[in-house]
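Structure, as structure tokens:
The values are calculated or read from the model by the stated rules, or taken from the named source; none is laboratory data. It should be emphasised that the depicted structure is a prediction, and the values quoted were computed from it without experimental measurement. With ideal geometry, Cβ positions are generated from the backbone for all residues, glycine too; neighbour counts draw on all protein chains shown.
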Amino acid sequence: MTDRLNIDKLKIYNSYGGDIDGICRNNRPKEKAVFADSLYTTWTLISNKLQDLELISRRLTSYEYTKSTLTELYENSDTETFKLFVDKIPFYNDFQKVKHILEAIKSWITDETGTVWAGSEKGKEFLVDLNADIEKIKFCDFKTLDKLNMEFAPTSTYQEISLSNGWADEFTKLAEQFDKLYKNIKKS
């Protein structure tokens with residue numbers, strides 16, 4: 001297990017352009033002390049995660065690989081450092097905004113919510129699918145994003161549920177936000 005990644009470690013890594021031989025040649029005790037006894041493993045972790053993020057940004061990874069990478073990065077970074085890493089993924093923040101839209105819809109669903117239009121008898125059944133979509137969107141799943149694009153379409157699942165349950169105006173605003181985010185994500 002490595003020490004948690006932080007800004008100081010990233011600064012040193014970047015100052016050497018990722019070249020571990022550089023830090024070893026310069027032999028600056030202050031810089032090495034930042035890494036404690038895990039210079040090699042932490043340096044390798046940073047290098048590997050940057051490569052992983054490049055692959056994710058180019059959409060060359062599976063959902064499982066992306067989820068694993070982001071989870072490992074989250075578990076091994078402080079909050080500020082995690083944000084610096086994921087900011088390298090051009091569509092990451094927009095996916096998180098889509099997640100928030102889905103969470104808003106989720107907040108309006110109860111056991112009594114009419115969800116027949118979604119193919120569910122009760123709100124509880126609908127929430128199982130919605131929770132699965134939220135989880136996949138959290139980890140930038142493009143297949144789920146395309147599925148949601150259909151769910152947000154006029155006269156489709158979410159609009160019909162909103163109309164039959166009295167939150168159509170709120171839904172319309174969310175649908176407009178989703179449409180903009182969808183276009184941004186697809187462009188990137």
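General remarks:
- Within region 79-108, residues that are outside any loop (DSSP other than H, G, I, E, B) sit with their Cβ atoms under 7 Å from residues that are hydroxyl-bearing (Ser, Thr, Tyr), at 6+ positions apart or across chains, in these pairs: Phe82/Tyr74; Phe85/Ser77; Val86/Tyr92; Ile105/Tyr158.
- Of the helices (runs of 4 or more DSSP H) entirely within region 1-51, those holding at least 2 residues that are surrounded by fewer than 13 Cβ atoms within 10 Å (Cβ to Cβ) and within 29 Å of the chain's Cα centre (by Cα) occupy 7-15.
- Output for region 30-56, where each listed residue is out of contact with any Asp or Glu (no Cβ under 8 Å at 6 or more places or on another chain), among the β-branched types (Val, Ile, Thr) and in contact (Cβ under 8 Å) with a residue 40 or more places away in the chain: Ile46, Ile56
- Cross-chain or 6+ apart pairs with Cβ under 6 Å, region 57-75 first and under 17 Å from Asp146 (Cα atoms) and exposed (fewer than 14 other Cβ atoms within 10 Å of the Cβ), then among the β-branched types (Val, Ile, Thr) and at pLDDT 95 or above: none
- Count of region 158-188 residues which are polar (S, T, N, Q), surrounded by 13 or more Cβ atoms within 10 Å (Cβ to Cβ) and touching a residue at least 60 places away in the same chain (Cβ under 8 Å): 2
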